[in-house]
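No value in this document is a laboratory result; all are computed from the given coordinates. Please read all numbers here as calculations on a predicted model, not as lab measurements. Cβ coordinates were reconstructed from backbone atoms using ideal geometry, including for glycine residues, and neighbour counts include every protein chain displayed.
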Amino acid sequence: MKAVYLEEANELLDNLEGALLQLDETPEEKSLIEEVFRIMHTLKGNSSMFGFTNIAEFIHNLETVYDLIRGGKQQVSKELIDTTLASMDHIKQIVDDHELEDNSNKDRHESLTEQILAYTGETAPAPASPAKQEPSEQEAPKSTEHTFYIHFKPGKSVVTDGNNPLYLVDELFSLGTCKALPYTDKVEDIDAFNPTECITGWSIFLATEKDEGDIKDVFVFVEAGSEINVEKISETNLFKNKKFSEKIEGVSLEYLPFDISSLEIVKETPSSSEPGEKPKEPAPGISEKKSPTRTVKETGQTQQVAKEKTVSSIRVASEKLDELMNLVSELITTQAALSLFADKQSNSELESISENVEKLSRQLRDIAFGMTLIPINNMFGRFQRMVRDISKELGKEVAFITEGGETELDKSIIESLTDPLMHILRNSLDHGIESMEDRQTLGKPERGTIVLRAYYSGTNVNVEIRDDGKGIDPVVIREKAIEKGVIQEDAVLSEKEIFNLIFHAGFSTAKVITDVSGRGVGMDVVRRNINNLRGEIDIESEVNVGTTLTISLPLSLSIIDGLLVQLGKGFFVVPLAAIDKCYTHADAKEVNKFTNIMELDNEQIPYIDLREIFNIADELSEDITRQIVVVTNGRGRVGLICDHIVGEYQAVIKPLGVYFKEQDHISGSTILGDGTVALVFDTNRLVKKYVSKQQEDATLS
Amino acid sequence: MSNTLLIVDDSESIRELISGNLTDAGYNVIKAVNGQDGLDKLNREVKLIVTDLNMPIMDGITMVKNIRSNPDYKHMPIIMLTTESQLEKKNAARMAGATAWIVKPFDEDKLLGVVKKFVR
């Protein structure tokens, strides 16, 4: 249970952080204040439920502040948000140490509490000590029994509110020795009887160790509308007094035993008009009305029949998902073998079964896949906070805008993407965005902007970080690179190549190294991390306009829909998502053999002859018409010429292993139904490598 | 006879804690994550509702008002969970039609004590 609390607490803290950051932007937004308050409230409730008393108290103070804001008695200020955010961090720290055993936690706890209380106008209480939590439990034990007289006349509507007064009387019986005398004078004739109205009440004598408060607690839910009187009539247990017992036994019939008038409750006493009732038996008024009430409920069938809806989401351990994905991969490989076997058998029954299996496994794959994808938003939230903190530290004003948070990526990719992105953002904040004065002189808005955007592009998801800072000066980079011995003095490099130098190990151009973006060990690591994910990082920059870094990542790592093509004797898979259209070679008109440009559908596009690239010398049989698969790479279309298109194929991608780590064209391999290995093209890299800029320019212009 | 209870709380940990306690005590428990969900899941089998006050989408008070406006569920005992023992909250809950309330933090005994006042 505690694990659930912790997980949920972290989630709540994240949400709270998000809401606070939004509140920082729009401090007047009422709904945000409500949201902040609501989350705090939940968190406080949970913490107290699970025994995290210190946390609960701590949040209670915060909540008080936001309650004041809610009521317009306090203003949202930057400082307050800072304090609140710091408090969130503090809570995250102390969930593991909620007794505040660590002194640094304890000190922080106290200083933050003080800061928070300053907003509420209260002074800090004595340091939270465990003793504070249990004053109520240390009541002096009372061993002696007292006798109480209780007059209880429930309101008429007590039953319709969902209460059952009999249960309350029963509860009194559980407190000690008890005698209950029902009032039956108001009980009406059965014909005039209204089962939903309570018309009875009780005179109760109770000898118990409990005090008056405990007795009143029994009636706490019915106190509105009911007549309840609790009076202590003796400091001792009167039931031990035989005389008393006899007396009240007698009273139930005609009158009250005791000189109750001396207790000023005479007016409440019943004038029992129906003698013969045994006091301990439940009043007839109640027992009769219980069953009719139920009957009414059961016969009124016209109202809504509640539909059983399932929970909208459940938590699943990520290992289970991984396991599921593995099994699905195996299933698909097996299914491919089945399809192949079925094809060979020319048994129509088997073929239809195999087709069904294929269809189902495809659906299963899509669903299993969808489960491993999570929106990138989860990660964006964390950055909001970081950008805010760092820009503050650096004395810069930065608007951080995120777009495309709904874009989904494999959770493992998202996890490994956090660090590189964080580093890039730090760099943008530190080196990219100029100081406020500099921006002013340049005529730029004082407030810098950083945009983090995610979007789909073919088989990839692109994550783009764009700032409107000072940009990267290729001249400076070049000088620096020469100075550091990264390039030769006479090296001829394109602008792009120069930019790419910043990914070189040990390269840093910041004049002063700040503790924000580290010591220049970053960008090479960033690139390595992204390459490990089979991703690419691209940089574009213009001096004084800004820098854009684009990280391009494969949508998924394990199973893709592909098109199986044949080259010589070998098989290859082209990811279906990258494919635009297929043609036969006869459709194309070669425009320029030297630059590899052809005309398809009245459009000139570059082409790659896969036979040439992969050095496939197998003989091409005369009767084969070669085919062209046109892929898009985000910038334009490129034709891939292959021998023969076999058909659609679900490829379970297996890595090629360390020996082939450095190759560029293939993203992995897959096993066909008959055990043959097919290689899976990485079309983006293929195009990047073999289609030159000139070709693109020639066709795009 | 059915002893089904409906637990409405947006906080998973609390929901699970309460349901766990009540299931252990032999009750049959239906869980809902907010007021709207609670209304959707309410059915004739339910003999008592335990609900949180503050929830997104639909809060506890709105849900109780909705339930009370349905003659079928007029007599349904409804227990509200509140964090403050403040009187105003209790009154708001009572005005809306809540039968009882429990102040957080509470322990299993307290919860069962109150629930047993209404359903056995």
Handout entry: Distant alpha-carbon pairs in the stretch A:407-462 (separation over 13 angstrom), percent
Key = 70 percent
Fill in the blank from the handout: Sorted by chain and number, the residues with a modelled amide H under 5 Å from that of A:Phe148, at a separation of 5 or more or across chains, are A:Leu206, A:Ala207, A:Thr208, A:Ile233
Fill in the blank from the handout: So, over other residues within a Cβ distance under 11 Å of A:Lys470, counting Lys, Arg +1 and Asp, Glu -1, the net charge is -4
Handout entry: Cα point-scatterer Debye curve for the stretch A:376-554, base-10 log of I(q)/I(0) at q = 0.15, 0.17 Å⁻¹
Key = -0.87, -1.11
Practice task
Quick one: which residues, 5 or more positions from B:Ser11 or on another chain, have an amide H under 5 Å from its amide H? H modelled 1.01 Å from N in the peptide plane, none for Pro or chain starts.
Solution key: none
Practice task
Arrange the peptides B:58-69, A:420-431 so that the one whose residues have, on average, the most other Cβ atoms within 10 Å appears first.
Solution key: A:420-431, B:58-69
Exercise for the section: Using 0.36 nm per residue of separation minus the Cα-Cα distance, give me the extension gain between A:Ser348 and A:Lys688 in nm, one decimal. Expected result: 117.9 nm
Problem - Gap separating the Cα centres of the stretch A:32-110 and the stretch A:404-451, nearest whole Å - result: 29 Å
Problem - Pairwise Cα inverse-distance average, inverted: Kirkwood Rh of the stretch A:541-595 (Å) - result: 15.8 Å
Completion exercise
Taking only the alpha carbons of the stretch A:318-372, the radius of gyration and the largest Cα-Cα distance, Dmax, both in angstrom, are 12.9, 42
Problem - For the stretch B:4-114: relative contact order, % (alpha-carbon pairs under 8 angstrom, 6 or more apart) - result: 24 percent
Fill in the blank from the handout: Here Rg/Rh (Cα, Kirkwood) for chain B equals 0.92
Practice task
Read phi for every residue in the stretch A:358-373 and hand back ³J(HN,Hα) as whole Hz from Karplus 6.51 cos²θ - 1.76 cosθ + 1.60, θ = phi - 60°, with x for Gly and Pro.
Solution key: 5, 4, 5, 5, 5, 4, 4, 4, 4, 5, 4, 5, x, 6, 7, 8
Practice task
Please order A:Arg528, A:Arg637, B:Arg44 by the number of other Cβ within 10 Å, starting at the fewest.
Solution key: A:Arg528, B:Arg44, A:Arg637
Problem - Kirkwood Rh in Å, taken over all unlike Cα pairs in the stretch A:2-125 - result: 14.4 Å
Exercise for the section: Please state, to two decimals, what the Cα-based radius of gyration of the stretch A:559-700 comes to when divided by 2.2 N^0.38 Å (N = residues). Expected result: 1.02
Handout entry: Distance (nanometres) between label positions extended 7 Å along Cα→Cβ at A:Lys2 and A:Leu340
Key = 5.4 nm
Handout entry: Calculated FRET efficiency for the pair B:Thr23/A:Glu330, C-beta based, R₀ 35 Å, to 0.05
Key = 0.40
Fill in the blank from the handout: If R0 = 51 Å, then A:Lys661 and A:Glu114, at their Cβ-Cβ distance, give a FRET efficiency to the nearest 0.05 of 0.35
Completion exercise
Checking rank on A:153-162, A:5-14, A:338-347, with mean other Cβ inside 10 Å and highest first, the result is A:153-162, A:5-14, A:338-347
Practice task
Provide a whole-number value for the mean count of partner chain Cβ atoms within 10 Å of the Cβ atoms in peptide B:11-19.
Solution key: 6
Completion exercise
Of the listed pairs B:Lys41/B:Lys65; A:Lys496/A:Lys689; A:Lys78/A:Lys444; A:Lys44/A:Lys411; A:Lys210/B:Lys47; B:Lys47/B:Lys116, those with alpha carbons more than 20 Å apart are A:Lys78/A:Lys444; A:Lys44/A:Lys411; A:Lys210/B:Lys47
Problem - ³J(HN,Hα), Karplus 6.51/-1.76/1.60, whole Hz, each residue of the stretch A:386-397, x for Gly, Pro - result: 4, 4, 4, 4, 5, 5, 5, 4, 8, x, 10, 9
Exercise for the section: Count, for each residue of A:40-48, the Cβ atoms from other chains sitting within 10 Å of its Cβ, then give me the mean as a whole number. Expected result: 6
Completion exercise
Net charge near A:Thr334 (other residues with Cβ under 13 Å of its Cβ; Lys, Arg +1; Asp, Glu -1) is -2
Practice task
Report ³J(HN,Hα) in whole Hz for each residue of the stretch A:585-599, in order, from the Karplus equation J = 6.51 cos²θ - 1.76 cosθ + 1.60 where θ = phi - 60°; Gly and Pro get x.
Solution key: 4, 5, 5, 8, 10, 6, 9, 9, 5, 5, 8, 6, 10, 10, 10
Exercise for the section: Filter the cross-link list A:Lys661/A:Lys688; A:Lys106/B:Lys110; A:Lys179/A:Lys216; A:Lys73/A:Lys106 down to pairs whose alpha-carbon distance in this structure exceeds 21 Å. Expected result: A:Lys106/B:Lys110; A:Lys73/A:Lys106
